[in-house]
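Below you'll find the structure, written out as structure tokens, and then a few comments.
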Amino acid sequence: MTSLAVVVGTPVGGKIEELVVVAQRVTVREGALVADAIDGDSVAALPVARDYRDLVKLAPGVQYTEELVRGPSAGGNGQDNVYRFDGVDVSLPMFGTLSAEPSTHDIDQVTFVRGGVDAIGFNRSGGFTMDSMARTGTDQLKARVEFAAVPHGLVAEQRPLGESPPAERPDKIWLSASAGGPLLPSQLFAYGSFYGPWAKRANRATAYGPTKDHSSRREEYYGKLTYAPWDSVLLHAAWRTSGRDERGVSIGPHDADSVSLGGRTEQDIGSVDGSWVPTVGPRLSFRYSEYVLRGFELPDVLLTVRPSLQGSLDIKRLDEMGQLQVPARIEGAVDYNAAVGGLIDRYGYLDAAGRRIGGGAVGAHPQIGEQAFSRRGLDIAIDHELDWGTTSHALHVGVRRAEARERLLRTSNGWGTITVPGGVDLASDGTPIFYVATVQQMSLRQLDGSVVDPIVSSTETASLELNDAIRHGNLAFNLGVLFSEDVLYGQGLRAAPGAYSGYVVAPGRRYRMYRIGWRDMIQPRLAARWKVRGDDEVFVGFARYHPAASSLARAASWDRNSRATLRVLFDEGGGIIAHDPLPGSSGKVFEASLEPRRIDEWTVGATHALSPAVAVRAHLRRREGAHFWEDTWNGSRGYDNAPPHIAAKGLYVPDLDRIRAEIGGSSYVIAELDDAYTEYWEASVEVEWRGARGALHASYVRSRYTGNFDQDNTSAVNDANRFIGSSNLADGYGRQLWDAKDGVLRGDRPHLVKVFGHLDLPWRVTAGIFGVYQSGQPWEAWDALAYGLPSYYSSTIRHAEPAGSRRSPAHWQVDLSYRQRIDIRGGLVATLRADLFNVFDRQTGYNMNPYARDPTFGLPRNRFNPRRLLLSVAVEI
């Protein structure tokens, strides 16, 4: 319960004014809560860019990152965080990243919760939770228009990465507009906004000549209604929709311009919520939310040919059949060079001497992708305060039902990727193989004209939360518990009670894959707080979290068996010789009696008011992660380097062979990896000043993040939506948790300092600053040779030394903002603004190349963005 005292002066002259207070969220620290709130005016005064993701840098105690997909680590991995926008969960279903891209121009408040939570709000985050509140209409009519730009000439030169030249600097512009006011005085209010970012960058010429520019254009529309039909009832309805189109996204240095990729992304965020607050008695609130993200991977050149296993390959128009990988001559291979010479002369590019050579790509991008994510949820809560003698209780009961869904369709553009063995290789019947097409099975029409259905995966969640905030004198206690249930649904099986496995194969049919029950996910939330004197307090708390994000609904789905990538073999004339599926993922069986992943957290801290305007907060926090799930070979405990106590446990699924004999599936299973763990601890100090002319927040965190299960380090490219529960971890010899995985995790930043604030100056100027210093990123060498494997084996996450043995350089940067307000006639106000990011151009390298035998081993594969200046002008009334 939060009490807000409002002092109203004595009426003058017998006139009584009506005061209406409308509040959606008042964020304060309760119990052992580790959280921070920043109001919209402060956000507007700070040097922050325009996308929602840019606000994450303001989270105290959370590492600064410029990765585009994966979130920062904050006591958990970068996919453990939860992102909400105006109360709607916009975390990407099944992956836990922030793929949504709402804007920040109409944010009224942003909050960050790092830990110590109670059982209010259904918080299961293994990292931090970010939420915001969008502006609403009021009784006063307000409108604003802003234009902002970062011309490429105001961006510093990017430092190269290895021998690759830096990308051309882009031009970026933003146009935003908003308006709000009353529709019915004191009852119905409206607010709406538009946001339109646009970017253009000149792509460098390739070996085939000039290429099209990269362009990205997005339009976002937002509308919100607030309705107060009675004094005790408040309703909100909001809808945000946007679309983004891109061209020329990816063109390799040896690709023809026609090979470029484009795409379109569509996003919808909607909610309806309300509250009934009677003068006496319980309060009732509800929220229905919906989030939809649709992505389309569209080649800039769409081919007209439709692949069919009853068709053929037109060898006279190979550049119209798919993406042709132009063969290159091989020294000494006389027959091969003779077979491919004509293709090189026709499709190759000119070298510096004017000769046609191979090794490039012509035609079109090989794949078309369509992926749609959605989440729908309903929350209902009842709150009631009561006094029992000198003790007060704030009781809360909440229930939640939600469904997250993914629909995936991948087809080939024409015949997909076409390579040329040139007749050197032979098919099983002895026929020379001249061409090979790698094509998505979803592209191929069957004899009846049908195609393979998309893969649809879903997760249904339910939660019940009970919380009692107790106050007795200077003591306060929080007793809460969150119960949850998750049900995963795959595709491709049908329940069959008489079968040994319990299923029969049924392509396209939805089936219940796995259920994690209520008794398996009991999450206590306990805290105690003692007010020592005045506003000085000490607190202690314990919380358990069962993170909800999991990719297994798709990663273990049985229909992955029939959504394979096919390799189609052609003879010299383009006739089909044979076809077979490439090795890939397929349906997986679960180990019996799995315990869900959990994170246990202990917090102890204190707050102290140095003055009415200055507060100091300090805490110690520890998090322990356990019961991690991963797909792994069923017999991996039997590897010769497995610890004896693990080897003694035998197969994860003893009867897997009998199950596979009945319904097929993979030799890999979903298992709880033995002895998997993570440990995180932090010591944090925050100082906050809030004055009449500004505010300043400074924080220092000393932390350590260790373990043997690193979700942030599962691939050569980690800044992506990586499967949770089905990654490269534990995939084969040298990738098990006992293979040098125990050590410092990739998200570890032992020292982190953040300072940000703003100051109002007398001449109607507001100056803002953001500064950060943080330790570098841990990394280690990878090499398959360290495990006695052949040199051609992949070295990806095959550690040649303990995890985190090395570290990239530390990074620091300063961002500044300057805002000048100018009065214009008729009540108009103009605002001129400049934001300078990375003032000292600290392009620190990170994401070091871990492949020990690569020439660029130990060199950075990414750098922090260079110095850039954003200029804007706005007019408001």
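Each value in this text was obtained by applying a stated rule to the coordinates, not by laboratory testing. Note that the structure is predicted; figures quoted are calculated from it, not measured. Counting neighbours? That spans all protein chains shown, and the Cβs are built from the backbone with ideal geometry, glycine included.
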| request: Give the span of the chain's Cα atoms along each principal axis, as three whole-Å numbers ordered largest to smallest. | output: 104, 68, 53
| Relative to the present Cα-Cα distance, how much length would full extension add between Glu219 and Ala149 at 0.36 nm per residue of separation? | 23.6 nm
| request: Could you give the size of the charge dipole of the chain about its Cα centre, using +1 on the Cβ of each K and R and -1 on the Cβ of each D and E, expressed in debye and rounded to the nearest 20? | output: 1040
| Distance violations [Cα-Cα > 32 Å] among Lys142/Lys212; Lys172/Lys224; Lys57/Lys200; Lys531/Lys754; Lys142/Lys754; Lys172/Lys741 | Lys142/Lys212; Lys142/Lys754; Lys172/Lys741
| remark: Counting only DSSP loop positions in segment 52-111, the trypsin sites (Lys or Arg not before Pro) whose Cβ has at most 15 other Cβ atoms within 10 Å are none
| note | In whole Hz, the Karplus estimates of ³J(HN,Hα) for segment 263-273 (6.51, -1.76, 1.60; θ = phi - 60°; x where Gly or Pro) are x, 9, 10, 10, 9, 9, 10, x, 7, 10, 9
| field | Derived scalar couplings ³J(HN,Hα) [segment 138-147; Karplus, 6.51 cos²θ - 1.76 cosθ + 1.60; whole Hz; x for Gly, Pro] | value | 10, 6, 9, 6, 9, 8, 8, 10, 9, 10
| Phe709 long-range amide H proximity, modeled H, under 5 Å | Tyr677
| Within segment 497-561, chymotrypsin sites (Phe, Trp or Tyr not before Pro) in DSSP loop having at most 16 other beta-carbon neighbours inside 10 Å | Tyr500
| said: Give the average over all directions of the projected area of the C-alpha convex hull of segment 611-690, one decimal, in nm². | reply: 9.3
| task | Within segment 662-677, find all residues whose amide N lies under 14 Å from a label point positioned 7 Å from the Cα of Trp738 along Cα-to-beta-carbon. | result | 673-676
| query | To the nearest 0.05, what FRET efficiency results for Tyr227 and Val397 with a Förster distance of 30 Å applied to their C-beta separation? | reply | 0.70
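Counting other C-beta atoms within 10 Å, and keeping those with at most 12, which DSSP coil trypsin sites (Lys or Arg not before Pro) do you find in segment 586-653?
Passing sites in segment 586-653 are Lys649.
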| query | Among Thr438, Gln843, Tyr511, which residue has its Cα positioned farthest towards the positive end of the charge dipole of the chain, with +1 placed on the Cβ of Lys and Arg, -1 on the Cβ of Asp and Glu, and the dipole taken about the Cα centre? | reply | Gln843
| Cβ under 14 Å from Asp835's Cβ, Asp835 left aside: what net charge do those residues give with Lys, Arg +1 and Asp, Glu -1? | +3
| task | May I ask you to derive the relative contact order of segment 303-423, considering only C-alpha pairs under 8 Å and at least 6 residues apart, and to give it as an integer percent? | result | 33
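For segment 136-221, what is the convex hull volume of the alpha-carbon atoms per residue, in Å³?
Values: hull volume 9.8 nm³, N = 86.
Taking only Cα atoms, segment 136-221 has a hull volume of 114 Å³ per residue.
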| note | Treating only Lys and Arg (+1) and Asp and Glu (-1) as charged, each at its beta carbon, one finds that segment 723-776 has a dipole about its Cα centre, in Debye to the nearest 20, of 180
| Förster radius 30 Å - calculated FRET efficiency between Val305 and Ile357, Cβ distance, rounded to 0.05 | 0.65
| Karplus 3J(HN,Hα) series, Hz, for segment 298-308 with 6.51 cos²θ - 1.76 cosθ + 1.60 (x for Gly, Pro) | 10, x, 5, 10, 9, 8, 8, 5, 10, x, 8
| query | If contacts are Cα pairs under 8 angstrom and at least 6 residues apart, what is the relative contact order of the chain in percent? | reply | 11
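I'd like the FRET efficiency for Leu68 and Asp139, computed as 1/(1 + (r/R0)^6) with the beta carbon distance as r and R0 of 30 Å, rounded to 0.05.
Given R0 = 30 Å and the Cβ-Cβ separation, E is 0.15.
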| task | Starting from the amide H of Val589, placed 1.01 Å from N in the peptide plane, find each other amide H under 5 Å away whose residue is 5 or more places distant or on another chain. | result | Ser666, Ile670
| request: Please list, in chain and number order, the residues 5+ apart from Arg329 or on another chain whose amide H is under 5 Å from its amide H, with Hs placed from the backbone. | output: Gly358
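So, by mean Cβ neighbours within 10 angstrom, what's the order for 750-762, 674-686 with the highest one leading?
Result, highest mean first: 674-686, 750-762.
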